[in-house]
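Asker: I am attaching a structure below and will ask some questions about it afterwards.
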Amino acid sequence: MKFVKHIKKQEWGIGEIIETNGYKVTIDFINAGVKLLNSKIAILEEILDEGEITKYKEDRLLCTLNNKKTKKVSVKENFPIEDLIQIFLSVYPKGFYDEGYLENERKYKENLINEFKMNLSEEKLSKSLESKDYSEIAEVSKKLISASKNIHSIEKTNFRKAISKVENQERFIQTLYDLFYTDKKTEEERFIDFKDCLESINCNKWTIITYFMNMLKPDKYLFLKPKISKKSAEIFAFDISYNMTPNWNTYFKFLKFAEISKKNIDILNPRDYIDIECFMWILVKNLKKAKEKA
């Protein structure tokens, strides 16, 4: 694994390269967290000094230990992945293909996904922006938010009020379009633009942001519901660096957690992140019962 420094961001300290994808590189910096950078633009200096690398690892380990001291003891030691899968199967014996699961957890979400893809397609958003007629998309967005079972009623009301104002509609539709249908900016930059837009209309909530992301691209993005998502990460002893204010660092780590979780429960053949999300929720709701029986 390579270690680097960003020449123009010395305050970030040493970073460990996590992943490279073409010119996109994901780096975990000791003082700034995970960053997704463009290697054609960012000036990175590889660290070869063993002393500096050792210091980085010691500092990272210290951060991890300090984080663990502030958290409840993880249940990972008592519940290996096989046991966690059994907790899920105790609720839905046939897993993600159980009739009860499909009816109770999956079907209504699939219907919502179809509504999102039909009403917020690239063609419809593009046409709205070109014609400068934003009313239809605004109305559809309000209805789609209202249809969610996992967003607080106050957050729904705030969003509906905000998106009803004409002055808020263009920027919302533009950043939504950019988030899914353009690649002029990095994924991190597009996420931040969408977050900033929602923040400007007082709707900067994890559930609002990730609801749109999850419904439009369920094979790539996961819905983050703070209480349950934090708890599920704790069960797997995974630090998502949660912050109540939406930010890319937390969401990036949450997606990494979801990716690892998907691989860990591959035996259940999950279709997408809708299944992963449901697995987490079922686990959190039923873990206490399982611990009492153990």
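The values are calculated or read from the model by the stated rules, or taken from the named source; none is laboratory data. Note that the structure is predicted; figures quoted are calculated from it, not measured. Quick reminder, even Gly has a Cβ in these numbers, built from the backbone with ideal geometry, and neighbours come from all protein chains shown. With ligands, DNA and RNA removed, areas are computed over all heavy atoms of the protein, side chains included. Shrake-Rupley method; radii C 1.70, N 1.55, O 1.52, S 1.80 Å.
Asker: Determine which member of the set Phe191, Phe172, Phe180 is over 22 Å from Phe254 (Cα atoms), of a type outside the set (Gly, Ala, Ser) and either in contact with a Leu (Cβ under 9 Å, 6 or more places away or on another chain) or assigned by the TED database to the domain that holds Glu115 (or both).
Answerer: Phe172
Asker: Would you confirm, using the coordinates I've provided, whether Lys230 is in a helix (DSSP H, G or I) and either in contact with a strand residue (DSSP E or B) (Cβ under 7 Å, 6 or more places away or on another chain) or basic (Lys, Arg) (or both)?
Answerer: yes
Asker: Which one is farthest from Ser148 (Cα to Cα) among residues in segment 77-108 that are open to solvent by 80 Å² or more (accessible area, probe 1.4 Å) and acidic (Asp, Glu)?
Answerer: Glu77
Asker: Looking only at residues that are part of a helix (DSSP H, G or I) and of a type in the set (Asp, Glu) in segment 233-269, which one is modelled with the lowest pLDDT?
Answerer: Ranking the qualifying residues of segment 233-269, first place goes to Glu234.
Asker: So which residues in segment 245-287 are aliphatic (A, V, I, L, M) and touching a residue at least 40 places away in the same chain (Cβ under 8 Å)?
Answerer: Ile265, Ile267, Leu268, Ile274, Ile276, Met280, Ile282, Leu283, Val284, Leu287
Asker: Looking only at segment 11-45, filter to residues that are in a strand (DSSP E or B), β-branched (Val, Ile, Thr) and open to solvent by less than 20 Å² (accessible area, probe 1.4 Å); which one of those is modelled with the lowest pLDDT?
Answerer: Val34
Asker: In the same structural domain as Tyr108 (by the TED database), open to solvent by less than 20 Å² (accessible area, probe 1.4 Å), within 18 Å of Arg106 (Cα to Cα) and not hydrophobic (A, V, I, L, M, F, W, C), is that true of Asp275?
Answerer: Yes; evaluated as a whole, the condition is true for this residue.
Asker: Something else: Identify the residue in segment 231-248 that is within 13 Å of Thr207 (Cα to Cα) and within 12 Å of the chain's Cα centre (by Cα) and, among all such residues, is surrounded by the fewest Cβ atoms within 10 Å (Cβ to Cβ).
Answerer: Among residues in segment 231-248 that are within 13 Å of Thr207 (Cα to Cα) and within 12 Å of the chain's Cα centre (by Cα), the one surrounded by the fewest Cβ atoms within 10 Å (Cβ to Cβ) is Asn247.
Asker: Follow-up. Which one of these is assigned by the TED database to the domain that holds Glu115 and touching a Gly at 6+ places or on another chain (Cβ under 7 Å): Leu198, Leu268, Leu216, Leu222?
Answerer: Leu268
Asker: For a quick check of your reading of the model, give me the residue pairs whose first member lies in segment 104-124 and is in contact (Cβ under 8 Å) with a residue 24 or more places away in the chain, whose second is part of a helix (DSSP H, G or I), with beta-carbon atoms closer than 6 Å and at least 6 apart or on different chains.
Answerer: Short answer, once both residue conditions are applied: Glu105/Cys278; Lys109/Ile274; Leu112/Met215; Ile113/Met215; Phe116/Met215; Phe116/Leu216; Asn119/Val140; Glu122/Tyr181.
Asker: OK, next. Looking at segment 109-141 only, could you name the residues that are open to solvent by 50 Å² or more (accessible area, probe 1.4 Å) and within 23 Å of the chain's Cα centre (by Cα)?
Answerer: Glu110, Asn111, Asn114, Glu115, Lys117, Met118, Glu122, listed by residue number.
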